[in-house]
Amino acid sequence: MDSLIHIDRIQVNCTVNDQFDAIALAAKPLLEQGCITEDFVEAAVERERTFPTGLPTTIGVALPHTEAKYVLKESISIVTLKNTIVFAGMGNPKESIPVQIVFLLAINNPEKQLRILQTIITIIQNEKMLKKIKAAKEPQSIYNLIKTFL
């Protein structure tokens, strides 16, 4: 997972209008670095409509992703939000989850994706860790926090 996260794929204290803007913002560095195809954002947004990814943690987290065919180089983007936006719940699509942290996954190996999801879940179940990620003022801080779990 270490090679999937880079400081230049972490954005902090951003403002977006909705969950789809958040996905597009998170995808921007991945697109610029040639990690995903041009169609990735649209596919991730469509997948989010059908299979929502909001998780009701202490500080709401979303884990949007899409099919492997849109991934050129496996990577993860992280965005913390200044404003809270609503994602539908992963376990209950009728539930509205107020989200402030987005982990955008661009993984093309299903087994690897499962391991990465498990690692991220471990991170986000730690309330202190979530608060530190949300409070981070620069990407380096989040990078350092997450590296401790790798």
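The values are calculated or read from the model by the stated rules, or taken from the named source; none is laboratory data. Computed from a predicted model, the values in this text were never measured in an experiment. Here the Cβ positions follow ideal geometry from the backbone for every residue, glycine too, while neighbour counts run over all protein chains shown. Side chains included, ligands, DNA and RNA excluded: accessible areas come from the protein's heavy atoms. Shrake-Rupley method; radii C 1.70, N 1.55, O 1.52, S 1.80 Å.
Within the stretch 7-27, if we keep just the residues that are surrounded by fewer than 17 Cβ atoms within 10 Å (Cβ to Cβ) and touching a strand residue (DSSP E or B) at 6+ places or on another chain (Cβ under 9 Å), the residue that is nearest to Leu145 (Cα to Cα) turns out to be Asn13.
Total residues in the stretch 45-68 satisfying the condition of being crowded, with 17+ Cβ neighbours inside 10 Å and closer than 21 Å to Ser3 by Cβ: the figure is 4.
Residues that are touching a Phe, Trp or Tyr at 6+ places or on another chain (Cβ under 9 Å) and in contact (Cβ under 8 Å) with a residue 24 or more places away in the chain within the stretch 19-38 comprise Gln19, Ala22, Ala26, Ala27, Leu30, Ile36, Thr37, listed in sequence order. Against the conditions (1) more than 16 Å from Ala44 (Cα to Cα); (2) modelled with pLDDT of 95 or more; (3) under 15 Å from the mean Cα position of the chain (by Cα), Ser141 satisfies every one except (3). Would you check if there is a residue in the stretch 11-19 being β-branched (Val, Ile, Thr), modelled with pLDDT of 95 or more and closer than 19 Å to Gln140 by Cβ? Scanning the stretch 11-19 turns up at least one residue that is β-branched (Val, Ile, Thr), modelled with pLDDT of 95 or more and closer than 19 Å to Gln140 by Cβ. Against the list (1) farther than 18 Å from Pro110 by Cβ; (2) touching a residue at least 40 places away in the same chain (Cβ under 8 Å); (3) open to solvent by 20 Å² or more (accessible area, probe 1.4 Å), the condition Lys73 fails is (1). Of all residues in the stretch 39-58, those that are of a type in the set (A, V, I, L, M, F, W, C) have Cβ atoms under 6 Å from Cβ atoms of residues that are open to solvent by less than 40 Å² (accessible area, probe 1.4 Å) and not in a helix (DSSP H, G or I), 6 or more apart or on another chain, in Ala43/Thr66; Ala44/Pro64; Ala44/Thr66; Leu55/Val61.
Looking across the stretch 95-125 at every residue that is β-branched (Val, Ile, Thr) and in a helix (DSSP H, G or I), the one that is most open to solvent (accessible area, probe 1.4 Å) is identified as Thr122.
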